[in-house]
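The values are calculated or read from the model by the stated rules, or taken from the named source; none is laboratory data. In this text the structure is predicted, and so the values were computed from the model without any measurement. All Cβ positions, glycine included, derive from the backbone under ideal geometry; neighbour counts span all protein chains shown.
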Amino acid sequence: MPERQKKSVSRKAILTLENQSSDARPDGLAIVTQALQALEVLSRLELAGGAPANSVALRRKLEGVCHAFVDGRIGIFAKTPSGANWVNQFPGSTSTSDLDAAFRTGVNSFIAAMRSAGATVSIGTTLRPVERAYLMHYSWRIAKKEIDPANVPALAGVDIEWVHGTLAASRQAAQDMVDGYQIVAKPAYPTKHSDGTAIDMTISWTGTLAIVDNNGTSTSITTTPRTGMNTDLAVVGATYAVIKATFSGDPPHWSDDGH
Ligand SMILES: [Zn+2]
């Protein structure tokens, strides 16, 4: 076999493999079969003394694919690499109608009371599917170097591959997700948002807030800050069974028990 022809055989096998790898959910078995075939071609070329100049690198790459299969990082269906494309999957809700029924009643009444008192209430997240909570939590922790991407536990139904070719690439892909989600603080996982018993709200008002609590009693809030962090407002919220977060670092968070 003339050398030029040998090279093109090998290159074709590699190209087929690379094209397959770029699919969202390629068949892992097909990938590994092709990697093994390409390795065989490479071995034959090496024996014949006609291996391409980059044969060592090619061999390493192909063997890497085989190892990934053995390690379970490529399954019968390969996982989808982490990255910004995950952000619009498992969408969250900003509607109170997606909240747990028992919690929802109090939330709607509390928001109505704040608004009729002249406060501005902007609703962030209400329901956050467990899959989204998982993706947000671990993308943050990988990006912040809190966890090795290889150590992230799996979640059924989320076929994400957190591990890229290098640690830097894994962290960058995670950071792309953090940016896409617009995360500013470490998202809790598990979270009450996944049960529909938590809501994030940004609240503000000017002057005195004369608000009616769930017992029909009007309270004049003159204290500051004039935001959802106001402790007098938290007392009013509690009458509606909407409890201000008892932990720090998550200003907009309220839930049915403060968690
Ligand atoms: Zn929250």
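Selection of strands (runs of 3 or more DSSP E) fully inside the range 205-259 by the criterion of at least 2 residues being away from the ligand (no atom under 15 Å from the Cβ) and touching a residue at least 40 places away in the same chain (Cβ under 8 Å) returns 209-212.
In the range 112-128, the residue that is modelled with the lowest pLDDT out of those that are within 15 Å of the ligand (Cβ to nearest atom) and crowded, with 18+ Cβ neighbours inside 10 Å is Thr125. For the range 186-203, the criterion of a residue being assigned to a loop (DSSP other than H, G, I, E, B) and more than 14 Å from the ligand (Cβ to nearest atom) is satisfied by no position. Checking each residue in the range 151-170 for being in a helix (DSSP H, G or I) and surrounded by 18 or more Cβ atoms within 10 Å (Cβ to Cβ) picks out only Ser170.
Here Gly180 meets each of (1) away from the ligand (no atom under 16 Å from the Cβ); (2) under 19 Å from Gln89 (Cα atoms); (3) assigned to a loop (DSSP other than H, G, I, E, B) with one exception, condition (3). Here Ala102 does not fit the description of being out of contact with any strand residue (DSSP E or B) (no Cβ under 8 Å at 6 or more places or on another chain) and free of Cβ contacts under 8 Å to residues at least 40 places away in the same chain.
Residue by residue through the range 85-97, note down the ones that are away from the ligand (no atom under 14 Å from the Cβ) and either in a helix (DSSP H, G or I) or surrounded by 17 or more Cβ atoms within 10 Å (Cβ to Cβ) (or both). Listed by number, the residues that qualify are Asn85, Trp86, Val87, Phe90, Ser97. The single condition among (1) away from the ligand (no atom under 16 Å from the Cβ); (2) of a type outside the set (Ser, Thr, Tyr); (3) in contact with a Leu (Cβ under 8 Å, 6 or more places away or on another chain); (4) within 30 Å of Gly216 (Cα to Cα) that Val158 does not meet is (4).
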